1. Only one residue in B:Pro364, B:Pro332, B:Pro349 is free of Cβ contacts under 8 Å to residues at least 40 places away in the same chain and touching a His at 6+ places or on another chain (Cβ under 7 Å). Which one?
2. Anything in the range B:332-341 that is assigned to a loop (DSSP other than H, G, I, E, B) and within 15 Å of B:Cys360 (Cβ to Cβ)? List them, or say none.
3. Evaluate the following for B:Ile375: is it in contact with a Phe, Trp or Tyr (Cβ under 6 Å, 6 or more places away or on another chain) and assigned to a helix (DSSP H, G or I)?
4. Do the conditions hold for A:Ala80, that is, is it farther than 24 Å from B:Tyr333 by Cα, within 18 Å of the chain's Cα centre (by Cα), in a helix (DSSP H, G or I) and away from chain B (no Cβ under 12 Å)?
5. Filter the range A:41-90 down to the residues that are acidic (Asp, Glu) and in contact with a Ser or Thr (Cβ under 6 Å, 6 or more places away or on another chain) and list them by number.
6. Closer than 27 Å to B:Cys357 by Cβ and aromatic (Phe, Trp, Tyr): which single residue out of A:Phe87, A:Phe98, A:Phe75 fits that description?
7. Inside the range A:1-40, can you point out the residues that are in contact (Cβ under 8 Å) with a residue 24 or more places away in the chain and of a type in the set (A, V, I, L, M, F, W, C)?
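The values are calculated or read from the model by the stated rules, or taken from the named source; none is laboratory data. These numbers come from a predicted model, not from an experiment. All Cβ positions, glycine included, derive from the backbone under ideal geometry; neighbour counts span all protein chains shown.
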Amino acid sequence: MRVPRAAALVFVALLGVVLGLGVYTFAYARGWSYLTNDPKACANCHVMNEQYDGWVKASHRSVAVCNDCHVPPDFLGKYATKAQNGFWHSFYFTTQTFHEPIRATRKSRGIAEANCRRCHATVALGMGTPSHEGPRGVSCIRCHSSVGHMELGATSVAAETR
Amino acid sequence: MTDPSPAPSPRGWTRGPFISILAVTAVAAAAITGLLVNIVERKQEARNPFFRVVELDDDTEDPATWGKNFPLQYDAYLRTVDQQRTRYGGSEALPRSPTEADPRSVVSQERIEEDPRLRTMWAGYAFAVDFRKKRGHAYMLEDQTYTERVQQFKQPGTCIHCHASVYVPYRKAGDGDLIKGFEAFNRMPYAEARKSFTHPIACIDCHDPATMALRVTRPGFLEGIKALKASQGVPDYDVNTAATRQEMRSFVCGQCHVEYYFEGPEKRLTYPWAKGLKVENIVTYYQEAGFTDWTHAETGAPTLKAQHPEFEMWSQGIHARSGVACADCHMPYTRVGALKISDHHVRSPLLNVSNACQTCHKWPEDELRARAELIQERTVNLRNRALDALVALIGDIKAAKDAGATDAALGAARDAQRRAQFYVDFVESENSNGFHAPQEATRILGDAIDEIRKGQLTLRPSPAMKPRPRS
């Protein structure tokens, strides 16, 4: 049995309602900001306030934003990573089930590491001893953990004064 | 409706898919709405963490009233009733039959039964009668009221300084003058003073009711830190105007977690810091003040009791040196929704490793716990050796005394006991099993053992003679 045209119209209207809800939610949650390079977007949900505050004071603030280190540089890799991280961050924040303090995943650390080596290629090549290369090598952020966003004192002071 | 014909439209759908798609759409709409509401909630949480439903002023003593404005902090504060063990510390809830004199139905372990050497160390002093493991802040007033140290012995009102919320009653008793009220209660017997106090530590003891800023309210610390700063060349130090916010996050705890004594016949609570915070500075202070807590029952030595010097020990450790405050580990930031508050469930960081340690130390929880417990294990082992040595010295002095040795002959050994015992007790009564300053705790115990060795040597016959056979 076929559905009458009137019902189909109502149905299309309903779809429109859902679409509208979706668009409004996206806008209300500042969804578009996640497609930009603005570091403020990363602290939208406040979980990364400390990292944002730390970045403001860290040595890389004038040369790199979050995306320069935390997503791959190529278009496809960048948006695929944003999509994947975006989904899981939203999922865990909405369900409030995540480890605290927050920690970078192995994949995220790999992306950051690759980006260190991309910008600092001359230094990285110069240091190309086996111990600094490959999956078992010493990673840059093992020692330079505070270049992107200072942790500890700097961030806790920033968090206190909010 | 313009076409009542039931004839199938070429673009119409059959009912089956229509219903399926409708269901999917409905679920999607519900999910999106749910997400929207969730986002709204989180945004609200982040926007305004504070609703003032009651007015607080400098006379608002009851923490439940403050809790109406700050329900999250208050909820956590109430949780200090928890009794939980760590490997070497913490307390265990032990059932007990209440009596008329002591209505407590739950207490913690009796330390002098667990380790009878403590009884020998404190022979002749109230601590040898009753000394239980410390419990959370919630129990401070109750446990002081019913300990045998207060029930069986006459104690001054001074004791209440650190076992109750004192700010409001002190000011009332002093007609608005905190120090006058403090002095008045110091002079009273404990039982009489006790009647004026209702709450264990409360919000007002650490917070300014108008701004919520941290504030030192206990006279003992106000005067103690002033004396300490004066010794460092800073005259007239006023902690409430001169300290940084990060310093205050330790100083409010240092109001009570310190070594102290009662000075003179006025029983004025005094923190012995005028020569510094290290154990030897404190002993020198007591030497010059000519202060003795009690005469040891077995040896006749003029002995001292160390009292939970957490603030002093912490001040000698790497965390203090790195600017880490008490509250950073014992009240770490905790997230509630989109809001971050300091955790008012004050407890051992070993019960909260992720929030307390991992903010700075990026290692797995098990690894961090293992590191802390290794420090504690080493300290506890050395503390055991030091206690054995002390008990041996006490035995030797007692034997010499029973054999008829004069006070002059025993003087040096008794002095060694006085100093060594204070050192051992300084680590024993300090509530971190060495963690607050691992090397300092070890150093103190090593010095104590050396002092005991020297004390025992003074009891030996002259070197020309054969040493006494050891029993």
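1. On the way: B:Pro364 fails: touching a His at 6+ places or on another chain (Cβ under 7 Å); B:Pro332 fails: touching a His at 6+ places or on another chain (Cβ under 7 Å).
After applying the criteria, what remains is B:Pro349.
2. Residues of the range B:332-341 that are assigned to a loop (DSSP other than H, G, I, E, B), as a first pass: B:332, B:337-338.
The answer is B:Pro332, and nothing else.
3. Numbers: in contact with a Phe, Trp or Tyr (Cβ under 6 Å, 6 or more places away or on another chain): yes; assigned to a helix (DSSP H, G or I): yes.
Considered against the rule, which asks whether it is in contact with a Phe, Trp or Tyr (Cβ under 6 Å, 6 or more places away or on another chain) and assigned to a helix (DSSP H, G or I), B:Ile375 comes out as yes.
4. Working: farther than 24 Å from B:Tyr333 by Cα: yes; within 18 Å of the chain's Cα centre (by Cα): yes; in a helix (DSSP H, G or I): yes; away from chain B (no Cβ under 12 Å): yes.
Criteria met by A:Ala80.
5. Here is the first cut: in the range A:41-90, the residues acidic (Asp, Glu) are A:50, A:53, A:68, A:74.
The answer is A:Glu50, A:Asp53.
6. Working: A:Phe87 fails: closer than 27 Å to B:Cys357 by Cβ; A:Phe75 fails: closer than 27 Å to B:Cys357 by Cβ.
Step by step, each of A:Phe87, A:Phe98, A:Phe75 is checked, and only A:Phe98 is closer than 27 Å to B:Cys357 by Cβ and aromatic (Phe, Trp, Tyr).
7. If we filter the range A:1-40 for residues that are in contact (Cβ under 8 Å) with a residue 24 or more places away in the chain, which is where we start, we get A:34-35, A:37-39.
Hit for the range A:1-40 is A:Leu35, nothing else.
Matching residues to (1) within 14 Å of chain A (Cβ to nearest Cβ); (2) crowded, with 18+ Cβ neighbours inside 10 Å; (3) within 29 Å of B:Trp273 (Cα to Cα); (4) modelled with pLDDT of 95 or more:
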{"site": "B:Gly317", "(1), (2), (3), (4)": "no, yes, yes, yes"}
{"site": "B:His330", "(1), (2), (3), (4)": "no, yes, yes, yes"}
{"site": "B:Val346", "(1), (2), (3), (4)": "no, yes, yes, yes"}
{"site": "B:Leu350", "(1), (2), (3), (4)": "no, yes, no, yes"}
{"site": "B:Ser354", "(1), (2), (3), (4)": "yes, no, no, no"}
{"site": "B:Gln358", "(1), (2), (3), (4)": "yes, yes, no, no"}
{"site": "B:His361", "(1), (2), (3), (4)": "yes, no, no, no"}
